[in-house]
Amino acid sequence: MADITVTPLNNILNGTPDNDLILALNGDDVIIASAGNDIINGGDGQDTVDYSQSGDITVLPTGTVQKSGGAKDQLIRIKKIIGSANAIDTIDASGTDVQLIADLSAEQVNISNIPDFGSLNFRVVNFENVIGGNGNDPLTGNAGVNTRNGGWGDDNLDGRNGNDILMGGLGKDILTGGGGSDIFRYNTALEGDGIINDLNAS
């Protein structure tokens, strides 16, 4: 394991192919993610972890990032996560009881009711997909091609622009496609009285 600790200034840090422990301390730092199972603690400041050179990543409600290839990072006190523009990056709260509010158009994610964690608030860049948990989750897309899966609960899915796939899951969901040619997946036998809003639906 490589231990990387920096000065309390604004730093750019590069991870190694090994399992790293990265302590960024104070300052607004940028950590360039790499291979390995890493623990990344941003410390104080507005810290960013950059996965733009990585493959697909999935962010879980506890701050764990699952990377392509099977490795995992644990993010602590991180304010911004950058995905790859050429990969499929996902926020996944499926099977959990957290409250997930995700707005990809505003690049903002808020997660509350996390066991032993409390809440997390961070920005996301270059993310395409969001999967809700068991609660009532408002999930909003951006101008890209997005997939929204509400999971359980009475969810509000808004695809915005782009050709989106909106899946209500269980509960009384509201699905709004916005611009683009959108696909809605909705089972009235399981989901009850839901609402679909889109003039360009397919």
Could you work out the pair-distance distribution P(r) of the chain from its alpha-carbon pairs, with 10 angstrom bin width and percents rounded to whole numbers? 10, 34, 32, 16, 6, 1
Which of 148, 160, 123 comes first, and how do the rest follow, when ranked by fewest Cβ neighbours within 10 Å? 123, 160, 148
Cross-link candidates for residue 172: which aspartates and glutamates have Cα within less than 16 Å, leaving aside residues fewer than 8 places away along the same chain? 137, 154, 155, 158, 191, 193
Testing the spin-label approximation: label points 7 Å from Cα along Cα→Cβ at residue 19 and residue 88. State their distance in nm. 2.9
Label-to-label distance, nm, for residues given as residue 121 and residue 143 (7 Å Cα→Cβ offset): 2.7
Local electrostatic count at residue 88 - Lys and Arg +1, Asp and Glu -1, tallied over other residues with Cβ under 9 Å: -3
With a sphere of radius 13 Å drawn around the Cβ of residue 60, what net charge do the other residues whose Cβ falls strictly inside it have (Lys, Arg +1; Asp, Glu -1)? -1
Mean-square fluctuation check for the chain, GNM, Cα pairs under 10 Å: which of 91, 81, 32 is largest? 32
Starting from the Cα gyration tensor of segment 88-196, take the square roots of the eigenvalues, sort them a ≥ b ≥ c, and report rounded, prolate or oblate (rounded when a/c is under 1.5, otherwise prolate if a/b is larger than b/c, else oblate). oblate
Where is the GNM fluctuation largest for the chain (alpha-carbon springs, 10 angstrom cutoff): 184, 127, 117? 117
Over segment 1-83 - Rg/Rh using Cα atoms and the Kirkwood inverse-distance radius: 0.92
Take residue 32 and residue 9, extend 7 Å from each Cα along the Cα→Cβ direction, and tell me the distance between the two endpoints in nm. 1.8
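No value in this document is a laboratory result; all are computed from the given coordinates. Remember, predicted model here, so these are calculated numbers, not experimental data. Using ideal geometry, Cβ is built from the backbone for each residue, glycine included, and neighbour counts are taken over all protein chains shown.
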